[in-house]
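See below for the structure under consideration.
What follows is calculated from the coordinates using simple rules that are stated; it is not laboratory data. For clarity, every value in this text was computed on a predicted model and none was experimentally measured. Cβ atoms come from the backbone with ideal geometry, glycine included; neighbour counts cover every protein chain shown.
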Amino acid sequence: MNILSIETSCDETGVAIIKAHGSLETRDVSFLVRGNALYSQAAKHAPYGGVYPNLAKREHSENLIPLLTEALRGAELLHPQTPSPIVEQSQLEDILTREPALYEQLCVFLEKHTRPDIDAIAVTVGPGLEPALWVGINLARALSLAWNMPVVAVNHMEGHILTSLLQETEKDTYTMKSLTLPALALLISGGHTEFVLMQEWLSYKKVGQTRDDAVGEAFDKTARLLGLPYPGGPEISRLAAQARAEGIADQIKLPRPMLDSDDLDMSFSGLKTAVRRIVEEKGEITEHDRLAIARAFEDAVADVFVHKTRAALTTHGVSDLIVGGGVAANTYITAELESLLTREFPRATLHVCKPIHATDNALMIAIAGYLRAHAEHYTDPTTLHAQGNLFLT
Ligand code: KG4
Ligand code: ZN
């Protein structure tokens, strides 16, 4: 199957195309990445210090067609035709009334290109920012109508989980790692921080979560307090690595909230508050302070994950740990989890993806989309809607 995927849940606009075959049951699933176009709006949101939903929506509307074109071209599926009238034009206009820029560009695109050889369209329906999600969903509905293709609704978090299980066999070709089920997933992103038990393939149960901020949010807010640009995760991580290399380890003590609670819940808002207090007490922070605080922050976060993961692995007796989401691009955190496993759970395996696949992209949606399509989990395009708080089930 050729799958076309669309991701617009936050501030990354992505369109990907994969050719996939095989199934999880027969363990012969394989994915060829044919096109993977991504545009990050981060620089546009930076002046606001975080994602501004209406700006994200506008940016998605403006960038989806160029990305669709790029992905199809990469996949060698972009075939020009003599401009021909679009049959469903008024229906497309209805679907895209709220995205006039997208509608205009889509019409030009459809007039000029033939229907590509795609079997299904996978689109993120949640969780995420609803105004942003709607743009991708409406494009999926429009393409489904124009090209007469089925649609698969994808949960963004399932995309993160499955991407962490990819194993590259040759350039752009991946297979899915095998797992002993149930497996445990630690999902760490800008909007989520949770432990999820994967009981069967594509079946999940949440077993722990943050009670306040998501860890990515804590990275971003702390970065802001330190005068670092959005997104703050990579910035803090860079400074923390520099501090370690330079041997900077000040007497800064940051809390490790809920370390001894007897559940798998976490809390990250206290960390940011503690950093705010330090910054206020110092009045003005030096470059040295910034390095020391970044390190103390990353150390505290990694410590919380190590403790909670130890508890989770013990409680649930699982031997496969999947770490996914944008914060999984943090190699210090994943290295700390790896050494926890080596030291205390030598039979367990850690599954993480390349940092480039950890942050939002459309490839992850294509992977989940294929596996859902293979299981015949199609959705009637007319019933698709954005679900900001969609859970994994
Ligand atoms: O999964 P993601 O791309 O978007 C959401 O679904 O939320 O995650 C984005 C989050 C941001 O908060 C960003 O600061 C954080 O991931 N992040 C990192 C790193 N790279 C991205 N946090 C820590 N270290 C990193 N290297
Ligand atoms: Zn994400």
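Is it the case that LEU239 is surrounded by 20 or more Cβ atoms within 10 Å (Cβ to Cβ) and touching a Phe, Trp or Tyr at 6+ places or on another chain (Cβ under 8 Å)? When the stated conditions are applied, LEU239 does not pass them. All told, LEU181 falls short of being more than 16 Å from ligand 2 (Cβ to nearest atom) and touching a Leu at 6+ places or on another chain (Cβ under 6 Å). For the range 1-48, a tally of residues being within 16 Å of ligand 1 (Cβ to nearest atom) and among the aromatic types (Phe, Trp, Tyr) returns 2. Screening CYS10 with (1) touching a residue at least 12 places away in the same chain (Cβ under 8 Å); (2) assigned to a loop (DSSP other than H, G, I, E, B); (3) over 22 Å from the mean Cα position of the chain (by Cα) gives one miss only, at (3).
Only one residue in HIS377, HIS385 is farther than 25 Å from GLN199 by Cβ, more than 13 Å from ligand 1 (Cβ to nearest atom) and in a loop (DSSP other than H, G, I, E, B), so which one is that?
Sole residue among the options that is farther than 25 Å from GLN199 by Cβ, more than 13 Å from ligand 1 (Cβ to nearest atom) and in a loop (DSSP other than H, G, I, E, B): HIS385.
Checking each residue of the range 245-266 against the condition of being within 14 Å of ligand 1 (Cβ to nearest atom) and either in contact (Cβ under 8 Å) with a residue 12 or more places away in the chain or basic (Lys, Arg) (or both) gives no match.
Given the criteria assigned to a loop (DSSP other than H, G, I, E, B), within 15 Å of ligand 1 (Cβ to nearest atom) and not charged (D, E, K, R), does PRO229 qualify?
yes
Among the residues of the range 32-84, those identified as crowded, with 17+ Cβ neighbours inside 10 Å and part of a loop (DSSP other than H, G, I, E, B) are GLN41, VAL51, TYR52, ALA75, LEU77, LEU78. For the range 127-164, a residue qualifies if it is in a loop (DSSP other than H, G, I, E, B), within 16 Å of ligand 1 (Cβ to nearest atom), touching a strand residue (DSSP E or B) at 6+ places or on another chain (Cβ under 6 Å) and not hydroxyl-bearing (Ser, Thr, Tyr), but none of them does. Among the candidates ALA294, ALA311, ALA302, the residue that is out of contact with any strand residue (DSSP E or B) (no Cβ under 7 Å at 6 or more places or on another chain), crowded, with 22+ Cβ neighbours inside 10 Å and either of a type in the set (A, V, I, L, M) or outside any helix (DSSP H, G or I) (or both) is uniquely ALA294.
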